Amino acid sequence: MELRARDIARAVLLSGMERAGHANVPISYLKDPWTSPPNSYEKYFEIELSALRAVAASGQDDRETIEALLARLDFANDPPWLRSQVIGTLTAVSGEHFGYDVAAWKKWAKSKVDG
């Protein structure tokens with residue numbers, strides 16, 4: 001797989017957002033399906049991983065972000081390490097510790113919206 005300059009630039013931008021603790025990561029970066037080969041070195045330049053790290057570092061916990069993260073838990077083609085990163089991001093922005101219990105995450109999110 002060949003990395004494109006655009007992908008590297010986005011990864012660098014998101015890394016900067018992560019380091020600065022800047023929120024407002026574009027939600028579309030959290031929703032794109034995973035299409036890269038799992039566990040290749042290129043994963044470190046993929047938008048999804050960079051976006052998740054920036055969301056976690058900034059504490060971006062708006063409704064749209066939480067919904068995108070929860071939806072991501074249902075992506076069948078995501079590699080296991082990416083799923084772990086999604087759970088880690090949810091834990092970082094929520095302060096909750098539900099691990100891989102997707103039903104508990106969804107229940108928490110519903111109570112947050114309803115409450």
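Structure notes:
- Top-ranked residue in region 60-99 [being among the aromatic types (Phe, Trp, Tyr) and modelled with pLDDT under 95; ranked as farthest from Thr35 (Cα to Cα)]: Trp81
- Boolean, Asp32 is modelled with pLDDT of 85 or more and either out of contact with any strand residue (DSSP E or B) (no Cβ under 7 Å at 6 or more places or on another chain) or surrounded by fewer than 17 Cβ atoms within 10 Å (Cβ to Cβ) (or both): no
- Identity of the residue in region 76-97, of a type outside the set (A, V, I, L, M) and over 17 Å from Val55 (Cβ atoms), that ends up surrounded by the most Cβ atoms within 10 Å (Cβ to Cβ): Pro79
The values are calculated or read from the model by the stated rules, or taken from the named source; none is laboratory data. If you're wondering where the values come from, they're calculated on a predicted model, not measured in any experiment. When we count neighbours, we look across all protein chains shown, and the Cβ atoms used for this are built from the backbone with ideal geometry, even at glycine.
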